[in-house]
Amino acid sequence: LLVRCARLHEAAARASGGPVAWAALATELGYADQSHLVRDFARVVGEPPARYARAAAGQPTKPER
């Protein structure tokens, strides 16, 4: 549980810092692939990491049509 929290904390910090190569970050943090990172992040944080990153950057969280 502690490792999972640390990985998600790092992912959230990276998401807040600007553009992220999600697949590379997933590998770096020890996830099997990007989909595992996204699923774990969304389950814990409540939204996918890309949406979280847009919100952290002050951008709309839903794409405009």
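Counting only heavy atoms of protein chains, what accessible area per residue, in Å², does the chain have with a probe of 1.4 Å?
Details: 4420 Å² over 65 residues.
Accessible area per residue, the chain: 68 Å².
Using a 1.4 Å probe on the protein heavy atoms, what percent of the accessible area of the chain belongs to carbon and sulfur? Spell out each step's value before the answer.
Working: 2470 of 4420 Å².
That fraction is 56 percent.
Could you give me D for the chain, from Stokes-Einstein at 37 °C and 0.692 mPa s, where the hydrodynamic radius is the Kirkwood radius over C-alpha pairs? Units µm² s⁻¹, please. All intermediate terms of the calculation are to be shown ahead of the outcome.
Working: Rh = 11.9 Å.
Reported coefficient: 276 µm²/s.
Got the relative contact order for the chain handy, in percent, Cα pairs under 8 Å and 6 or more residues apart?
Details: 46 pairs, mean separation 18.9, N = 65.
Answer for the chain is 29 percent.
The values are calculated or read from the model by the stated rules, or taken from the named source; none is laboratory data. Computed from a predicted model, the values in this text were never measured in an experiment. Just so you know, the surface numbers come from the protein's heavy atoms only, side chains and all, with ligands and any DNA or RNA stripped out. Shrake-Rupley method; radii C 1.70, N 1.55, O 1.52, S 1.80 Å.
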